[in-house]
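Remarks on the structure that follows.
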Amino acid sequence: MSVQKFPGTKLSAKEMYSLPGLVESSPQAKYEFSAGPTISRFLKGLKEGKILGRRCPRCGRIYVPPRDYCEFCHVPLADWVEVPDTGRVETAVVSYISVKRERLEKPEVVGVIRLDVPGYPEDGYEFAGLFHRICMDPEEAKKDKTIGMKVKARWRPPEQRTGSILDIECFEPVG
Amino acid sequence: MVTNLFVKDRVAIVGAGMTTFMRRALETPRELAWEAAKMALDQAGLTLKDIDCVVIGSAPDTFDGVHMKGEYLADGSGAFNKPMTRVYVGGGTGVFIPVSAWWHVASGLCRTVLAVGEEKMSPAHPHPQYVFRYIWDPILHRPLEPNLIWIFAMEMRRYMAKCGAKKEDIALVSVKNKRNALDNPAAQLAANITVDDVLKSELLVWPVNELDISPVTDGAAALVITNENVARQVTDSPVWIEGLGFTLENQHWENRELAYPRYLNYAARMAYKMAGIERPWKEIDVAEPYDPFDYKELHHIEGLMLARPCEAWKLLKEGYFDRDGELPTSPSGGLLGVGNPIAAAGVMKVAELFWQLRYEAGKRQVKKPVHRAVANAWGDLMQAGTVIVLGN
Amino acid sequence: MSWDKDWRTSEIIFWPEREEVDKYVYTPGISGQELAKALMDGRVLGIKCKDGQVYVPPKTYCPDFSQGELVEIRGPWRLLHYTVVYEDLYGNRLQNPIVIGIIKPDDASNGLIHIVNAELERLRPGMELKPVFKPKDQRKGIITDIDHFEPV
């Protein structure tokens, strides 16, 4: 007694755009996001060429990106610490499309960097890290050895920094 | 995790309905909801008069382009002058809808609940993928101009690196699900394809090709969920909700391991405990793991403990998860085959298990006898897990 | 709020953003499609449900979930309630205030929301109005095909 026919009326793109009574509208919403005190300070650190993390006074975890509170202990975080701008590639992908899903002329490599922040076990489930671009050849990035590869931040020249995540141009392989 | 369950009523599903899943629908979102809800009521042999409460689920309002979609969908979902709840946990919403309906009924507050999921993604232009931009952190992520697919590609790469799976091993999921969908009259992307077709389809974000991804879809799905008394009156074969679970993992996905879905594992343990299941890999007969991407089905099979971590892709190659296999997964065709109208997709998975457990799935019916089934969904920015265990 | 003792509000960084969805495209739906055709002919439709109630504009389904029957709305139309708008969406003062009213035809149970072109002093609930359609070549099958309502 299985269902053989389901309701619903399919349209092709052409049929849809030529429907009588079709309404099109463009929203003009504008937003302004506050970075909040903690991320504002982190961004200021980037402007100075430093990656800042924040330590939990109870469990000792260092959070990068920093937070206001410890996710595990639920207490306010206290100390600011500068962490190394080096790390290992946790995962890396090669994007051939833009945010609007158009083909990119030059593919770009992006991924997650597990930063060399003390206090986390080597291959632990949690770690301090950043999501960023990786400056390397796309074909190289697809090779197995990319995962776990050592990388270091490539900073923009100080006069070009604006206090944004883009003050780090990308992470690039070292050695 | 400690859960203290005082359950007033046993809860059953007695009807399911859904629209065809399609790229562009003529119907307005409300009309889609109405078509699915009406079909579910008709299947249950009930009318709107028998419904006490309504639960609606829908993902971000930004797809339909209608704000406060719960209120918007209310009349199409039969919520005239009735208590109505809208739930939302991103992609996990689909399974969270029956979960929410469960507590409406189990608490004794409502006898019969109409649970509706709807999504219409075609209104958003230039492409619905662009709307997903708004789920990224505006300060730390958006300046990098991320496309939504990046994050899944990163997870897939991590899974491949950690588990030794290759692209062609993972592509088999897409092949299986699109083939399963051939028997589903509601399917959008049913096809007989090969692993080669997947590997040769447009490369979007390596390692993700176009055929690794579920499509953009308009559609709705609905369930009628009621207590034991009503269920026994209206049907001889109610499908019981035996367990449910939902957890949130760390939202800072750049600070955690992506190869194993811990968010799902916690939710699954909660659901299995409630259902009295100790060895899910033996006790579950059929599963609908959430599969917006092909690797995601493997990921979720492992999170649901239907296979050991990193072993799902090996079992897949042996045909273990085929419709006539040891543990069929996504017999409906899944999101890859049937389509992915976000909140409705999860409800579709539960509806499929409902039909499987009543032996009403027709050509999609799995070969082995079925007693217990599990479905899951996953959402928000990688961290919400929702699970439901059903039995007949 | 922060737990830092040395923090100032002026140091917060703000990020402007625009909602960059190009546009939304809304399909008229099942009954909406019929209404679109009727509007282009200069007619208005409603649906009649089993209990005899008529709703305008037509939905595809009635409150009891059954599918209604499309009927033509003939009027006469009467002003039910109205409000006077002095500012536009962005808060700018309008030169000529706009009157928005709920206008109910005698042969339906509810009314349409639309613009009423009438002198403010003459407005009163219950007054008879009639729809004024745009010229035929400007109609698109949407609600603004009725340009406005005006007193008979």
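The values are calculated or read from the model by the stated rules, or taken from the named source; none is laboratory data. Computed from a predicted structure; not experimentally measured. Every residue, glycine among them, receives a Cβ derived from its backbone with ideal geometry; neighbour counts consider all protein chains shown. In case anyone asks, the SASA skips ligands and DNA or RNA and just uses the protein heavy atoms, side chains included. Shrake-Rupley method; radii C 1.70, N 1.55, O 1.52, S 1.80 Å.
Observations, loosely collected:
- The residues of region B:368-388 that are surrounded by fewer than 24 Cβ atoms within 10 Å (Cβ to Cβ) and among the polar types (S, T, N, Q) amount to a single one, B:GLN383.
- Among residues of region A:27-38 that are under 12 Å from B:PRO138 (Cα atoms), none has a Cβ under 8 angstrom from a residue that is among the polar types (S, T, N, Q) and in a strand (DSSP E or B) at a sequence gap of 6+ or on a separate chain.
- Residues considered: C:VAL99, C:VAL71. Of these, the only one that is surrounded by 15 or more Cβ atoms within 10 Å (Cβ to Cβ), part of a strand (DSSP E or B) and more than 19 Å from the chain's Cα centre (by Cα) is C:VAL71.
- Residues in region A:93-147 that are surrounded by 20 or more Cβ atoms within 10 Å (Cβ to Cβ), at the interface with chain B (Cβ under 7 Å from one of its Cβ atoms) and assigned to a loop (DSSP other than H, G, I, E, B): A:VAL99, A:PHE127, A:ALA128.
- Residue in region A:65-86 that is at the interface with chain C (Cβ under 10 Å from one of its Cβ atoms), in a loop (DSSP other than H, G, I, E, B) and open to solvent by less than 10 Å² (accessible area, probe 1.4 Å) present: yes
- Residue satisfying all of: in region B:334-366; within 13 Å of the chain's Cα centre (by Cα) and open to solvent by 10 Å² or more (accessible area, probe 1.4 Å); farthest from B:ASP212 (Cα to Cα) among these: B:ILE342
- Among the residues making up region B:249-271, those that are surrounded by fewer than 22 Cβ atoms within 10 Å (Cβ to Cβ) and either away from every other protein chain (no Cβ under 11 Å) or at positive phi (or both) are B:ASN265, B:TYR266, B:ARG269, B:MET270.
- Scope region A:18-38; condition open to solvent by less than 30 Å² (accessible area, probe 1.4 Å) and not in a loop (DSSP other than H, G, I, E, B); matching residues: A:GLY36, A:PRO37, A:THR38
- Answer residue from region C:52-66, given it is open to solvent by 50 Å² or more (accessible area, probe 1.4 Å) and free of Cβ contacts under 8 Å to residues at least 40 places away in the same chain and is nearest to B:ASP42 (Cα to Cα) among those: C:ASP64
- Within region A:148-175, tally of residues that are without any contact (Cβ under 8 Å) to a residue 60 or more places away in the chain, closer than 27 Å to A:LEU43 by Cβ and assigned to a loop (DSSP other than H, G, I, E, B): 2
- Flag if A:THR162 is open to solvent by less than 10 Å² (accessible area, probe 1.4 Å) and polar (S, T, N, Q): no
- Any hit, region A:138-158, residues being of a type in the set (Gly, Ala, Ser), within 21 Å of B:TRP253 (Cα to Cα) and in contact with a Lys or Arg (Cβ under 6 Å, 6 or more places away or on another chain): yes
- Residues that are more than 7 Å from chain A (Cβ to nearest Cβ), in a helix (DSSP H, G or I) and either closer than 30 Å to A:PHE33 by Cα or of a type in the set (D, E, K, R) (or both), drawn from region C:9-65: C:THR9, C:SER10, C:GLU34
- Unmet requirement for A:ARG61, which otherwise passes all of (1) farther than 23 Å from A:VAL81 by Cα; (2) touching a Cys at 6+ places or on another chain (Cβ under 7 Å); (3) of a type in the set (Lys, Arg): (1)
- Residue in region B:78-94 that is among the aromatic types (Phe, Trp, Tyr), in a helix (DSSP H, G or I) and either in contact with a Gly (Cβ under 9 Å, 6 or more places away or on another chain) or open to solvent by 10 Å² or more (accessible area, probe 1.4 Å) (or both) present: no
- Selection count, region C:89-108, where residues are of a type in the set (Lys, Arg) and within 30 Å of C:GLN53 (Cβ to Cβ): 1
- Residue satisfying condition, being farther than 9 Å from B:ALA343 by Cα and touching a residue at least 12 places away in the same chain (Cβ under 8 Å), within set B:GLY57, B:GLY70, B:GLY92: B:GLY70
- In region B:273-285, of all residues being closer than 11 Å to B:LEU244 by Cβ and in contact with a strand residue (DSSP E or B) (Cβ under 6 Å, 6 or more places away or on another chain), the one that is surrounded by the fewest Cβ atoms within 10 Å (Cβ to Cβ) corresponds to B:MET274.
- Qualifying residues in region B:228-248 (those that are among the β-branched types (Val, Ile, Thr) and in a helix (DSSP H, G or I)) - the one farthest from the other protein chains (Cβ to nearest Cβ): B:VAL230
- The listed residue being acidic (Asp, Glu), within 10 Å of another protein chain (Cβ to nearest Cβ), surrounded by 13 or more Cβ atoms within 10 Å (Cβ to Cβ) and under 17 Å from the mean Cα position of the chain (by Cα), out of A:GLU15, A:GLU90: A:GLU90
- With respect to the conditions (1) out of contact with any Gly (no Cβ under 8 Å at 6 or more places or on another chain); (2) part of a strand (DSSP E or B); (3) open to solvent by less than 10 Å² (accessible area, probe 1.4 Å), A:GLY45 lacks only one, and its number is (2).
- Flag if B:ASP9 is within 12 Å of chain C (Cβ to nearest Cβ) and among the acidic types (Asp, Glu): no
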